Amino acid sequence: KMPQTPPFAAMFDSSGYNRNLYQSKEDNCGGLYYHDNNLLSGSLEALIQHLVPNVDYYPDRTYIFTFLLSSRLFMHPYELMAKVCHLCIEQQRLSEPGLDKNWMQKIAPKILQLLTEWTETFPYDFRDERMMRNLKELAQRIASGDEMYRKNVHQLLQNLIRKLAAVSQYEEVLAKIDATSTDRLTVLKTKPQSIQRDIITVCNDPYVLAQQLTHIELERLNYIGPEEFIQAFVQKDPLNNDKSCYGDQKKTRNLEAYVEWFNRLSYLVATEICMPVKKKHRARVIEYFIDVARECFNIGNFNSLMAIISGMNMSPVSRLKKTWAKVKTAKFYILEHQMDPSSNFYNYRTALRGATQRSLTAHSNREKIVIPFFSLLIKDIYFLNEGCANRLPNGHVNFEKFWELAKQVSEFMTWKQVECPFERDWKILQYLLTVPVFSDDALYLASYESESPENHIEKDRWKTLR
């Protein structure tokens, strides 16, 4: 019987973790240190041992996730995989000769389950040929034991290959989108009026636009692997001076692509506001985006909301005093208040907690949506990493820190699995992803042409730009 895998949200309960679920093999011996049933630290070797199932033991799922996530701070995933394979084979060799078949029946489902969790949660690790080789070797060994395992192994490899194909396809699409928007920008520079439509003619309903933004956000969120957070700030392992843990480890850019999308959306908003020649048109675009942002807030799409607000706060937009005078700004101030950075984004964090609570009891996908303000999430994880050492003075791995990291990342894992409930509108999506956006200089130029410079600094800048 395969060990059961609980869903992600259930892994880390609200008070902390199900750390007391440990079926601990030993307490404070064999290189692992526990307190009140909680694993606090251990030598790297002992932690690797603790990951490998044996006849009477299967590691707790929170442990598997936490260790696979954080072990990459100390070693390459392929080195870990090689050790896991070695330990499994070692176990088999040490079992009594006559028990081989019997041993295989008891242990095979457990090893298979461990490999399933690894390939499902960290598929990008397997973009490395060395990982694939090790996986196939171990899988082969299991499959040779029994017809049923052969099917399961085949299934596991198929699922993994499907996931890796999907991410490659997604990367190709992103590259195409980048190319398209660059081509269009060249056209825009040479003859601005020729291709310019504005967003309101493409989608006059702010509700629909907020829904299409949510499509883009969820799709991009979905492709980010949990390990990309850790890989974003890997340093050298202090115990091993000569090698950085990361030489060739970065197998994906989904996290960067997502941050670029945020920047693009901010510049798109600023471009749409600065482009119209008439003041009343500019005011109308501002009010339109305020409504879009408000709907993003209601949906739980905090990333688009923040990108829209930051686009409106760019100086080429905020300097348009006469335009803003025509706008009903009360709604805008409410949104700004929600995303106010003071007290470490206290208001936003409260709203995020509310959305997270709502998603836990949700009956529909619509109520499950939580799209965090992404660069703040990265910053939180970064500070958590910077604030604590990876190793304790005795050389042990500081596992308590990794529980905390895993807790933050596992919350993100729950959010990224939500299916977008809104219907796609390809025309609007195409526009949002590929319409050219102005650079900083082009924004200032458009802004000064709409409302002339007010002081020496602005006048000088305008001269230079022209």
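The values are calculated or read from the model by the stated rules, or taken from the named source; none is laboratory data. Computed from a predicted structure; not experimentally measured. Counting neighbours? That spans all protein chains shown, and the Cβs are built from the backbone with ideal geometry, glycine included. The accessibility values were calculated without ligands, DNA or RNA, using every heavy atom of the protein model including side chains. Shrake-Rupley method; radii C 1.70, N 1.55, O 1.52, S 1.80 Å.
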Of all accessible heavy-atom area on the range 267-316, the percent that carbon and sulfur account for (1.4 Å):
54 percent
Rolling a 1.4 Å sphere over the protein heavy atoms, what is the accessible area per residue of the range 308-466, to the nearest Å²?
53 Å²
Spin-label point model (7 Å from Cα, Cβ direction): what's the GLN158 to ARG133 distance in nm?
2.8 nm
The pairs in LYS279/LYS368; LYS251/LYS379; LYS176/LYS407 lying past 31 Å Cα-Cα in this model are LYS279/LYS368; LYS176/LYS407
Name the residues whose placed amide hydrogens come within less than 5 Å of the amide hydrogen of SER41, ignoring near sequence neighbours (fewer than 5 apart) on the same chain.
TYR33, PHE399
Whole-angstrom gap from the range 388-466 to the range 136-161, using each part's C-alpha centre:
41 Å
Of the accessible area of the range 32-195, computed with a 1.4 Å probe and all protein chains kept, carbon and sulfur make up a percent value of 53 percent
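Where Lys and Arg each count +1 and Asp and Glu each count -1, what net charge lies around ARG461 among other residues with Cβ under 15 Å from its Cβ?
On the way: positive: ARG319, LYS459, LYS463, ARG466; negative: ASP440, ASP441, GLU449, GLU451, GLU454, GLU458, ASP460.
Neighbourhood net charge equals -3.
Net charge near HIS337: determine it from the other residues with C-beta under 14 Å of the C-beta of HIS337, scoring Lys and Arg +1 and Asp and Glu -1.
Working: positive: ARG294, LYS331, ARG349; negative: GLU336, ASP340.
Spelling it out: positives minus negatives among the neighbours equals +1.
For the full complex of protein chains and a 1.4 angstrom probe, list TRP426, TRP462 by accessible area with the highest value first. Numbers along the way, then the final one.
Values: TRP426 170, TRP462 55 Å².
Order by accessible area, largest first: TRP426, TRP462.
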Accessible area of LYS427 in the full protein assembly, 1.4 Å probe (Å², nearest 10):
130 Å²
Heads up, I need the accessible area for LEU255: 1.4 angstrom probe, whole protein in place, Å², nearest 10.
20 Å²
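Just add up the charged neighbours of VAL55: K/R +1, D/E -1, any other residue whose Cβ is under 11 Å from the Cβ of VAL55. Please report the intermediate quantities before stating the final value.
Values: positive: LYS106, LYS110; negative: ASP56.
With Lys, Arg at +1 and Asp, Glu at -1, the net is +1.
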